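Computed from the coordinates by the stated procedures, all read-outs in this text should not be read as laboratory data. Because the structure is a prediction, the values reported are computed rather than measured. Cβ placement follows ideal geometry from the backbone for every residue including glycine, while neighbour counts extend to all protein chains displayed.
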Amino acid sequence: MSLNAKIRAAVDKAFTAVGDLVVTGTLSSRKVSNYDFASRTVVSSASTSSVEVIIQSTKKPSGDGFTVEALMKFGPDLSVYDTLTVGTDVYNIADYSDNGFTVTAILVKERS
């Protein structure tokens, strides 16, 4: 077994070990393809993907909104997604880092 496979197996084991701290979220992206001037609506398509997430910390800066740091297993390419929904909370993906084993995302909660 390669070192890469061992680390990925350890990440899977760690996500299993933390139990109920892992929640299921939905990554979403919206691709606008056109604008219908007759109906004054945007023509778009959406794509979604389910992902396991650990919400690590929540910060309330002096401005509006909350900043959330979330950890995900390797796999999702966050560059193609706009938002992450966890329960009823919708977060915009502000930044992320991917080390090949885990993805750490900086999320900003949308206003309710």
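Structure notes:
- Degrees, to the nearest 10: 3-17 long Cα axis against longest axis of the chain: 80 degrees
- Additional length obtainable on full extension of the chain from residue 95 to residue 36, 0.36 nm per residue less Cα span: 18.1 nm
- Based on Cα contacts under 8 Å between residues 6+ apart, the chain shows a relative contact order of 24 percent.
- Site pair residue 14 and residue 57 shows an inter-label distance of 1.6 nm when each label is modelled 7 Å from Cα along Cα→Cβ.
- FRET efficiency for residue 80 and residue 3, using Cβ-Cβ distance with R0 set to 25 Å, rounded to 0.05: 0.35
- Partner lysines for residue 60 [C-alpha distance under 18 Å; skip if fewer than 8 residues away on the same chain]: 109
- For the range 1-109, the spherically averaged projection of the C-alpha convex hull amounts to 9.0 nm².
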